[in-house]
1. Give the relative contact order (percent, whole number) for the range 160-222; include only Cα pairs under 8 Å separated by 6+ residues.
2. For the range 1-134, what's the radius of gyration and Dmax over Cα atoms, in angstrom?
3. Name the residue from Phe45, Gln82, Pro71 whose Cα lies farthest towards the positive end of the charge dipole of the range 31-91, charges +1 on Cβ of Lys and Arg and -1 on Cβ of Asp and Glu.
4. Going by amide H atoms built from the backbone, whose H comes under 5 Å of the H on Val170, apart from near neighbours?
5. Checking the a/c ratio against 1.5 first, then a/b against b/c, what shape does the Cα gyration tensor give for the range 60-157?
6. How high is the relative contact order of the chain, in percent, counting Cα pairs under 8 Å that sit 6 or more residues apart?
7. Using only Cα atoms, locate the centre of the range 137-170 and the centre of the range 31-65, then give the distance between them in Å, rounded to an integer.
8. Quick one, what does Rg over Rh come out to for the range 73-222 if you take C-alpha atoms and the Kirkwood Rh?
Amino acid sequence: MTNPAIHPNDTAAMRHAMVVSQLRTSGVSDARVVAAMGEVPRERFVPDAHGGFAYRDATISLGNGRHLNTPLATARLINEAQVRSGDKVLLIGSATGYAAAVLARLAREVVALESDAAMVATARDALAGIANVALIEGPLAEGWAAGAPYDAIVVDGAVERFPDALAQQVRPAGRIATGLIDRGVTRLAVGERTTGGFGLDDFVDLECAVLPGFEEPRGFTF
């Protein structure tokens, strides 16, 4: 998704401003994450109508009730996942492929899961030529057990609950980074799988795109 009306020099300047004003001042401490987000052209993963807003610190509508996560939320989640160059990472909610493109610069292999068929097709075009990303279409909450175990799981959005079955797909001592929805507030959390299970600790309240398929069961009401 490249808008010809926006000059490449303009997008490069906006990308640099995002790195300086959003990432470096807001707890994104891994230099590899900062560098990757300074290199990946986010406008390629944004609908043409919103190309001028690609680097703003806000979610971007992708249609069908879905949004591209904010640059800062994506950066903070990847930063806390502590992805290493030899890692295999499961990305939940890949949407149009932006987070997958960033992770591809950090990890050995990225399995990018998305439930929306149209977004998978868009991401496939945007990620063309990136050999270490495998795009999978399927329900987000189920993960992709066929590729497990993973060294890290990154959920690029906020969910009401994190299923135990999904946590089992990361190796013991593997990291999980996700957004959570708590009483209408979105916050980011990180945790580690142990032999006894896993837990998530909030680390910041932050605007975050909401992902479908993770809703808490609703009790019966009259």
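What follows draws every value from the coordinates through simple rules; no lab data is involved. Here the structure is a predicted model, which is why all the values come from computation and not from measurement. Neighbour counts run over all protein chains shown; Cβ positions are idealised from the backbone, glycine included.
1. The value is 30 percent.
2. 13.8, 39
3. Checking the options against the dipole of the range 31-91, the answer is Gln82.
4. Distant-sequence amide H within range of Val170: Tyr150.
5. rounded
6. 17 percent
7. Each part's Cα centre sits 23 Å from the other's.
8. Rg/Rh for the range 73-222 comes to 0.96.
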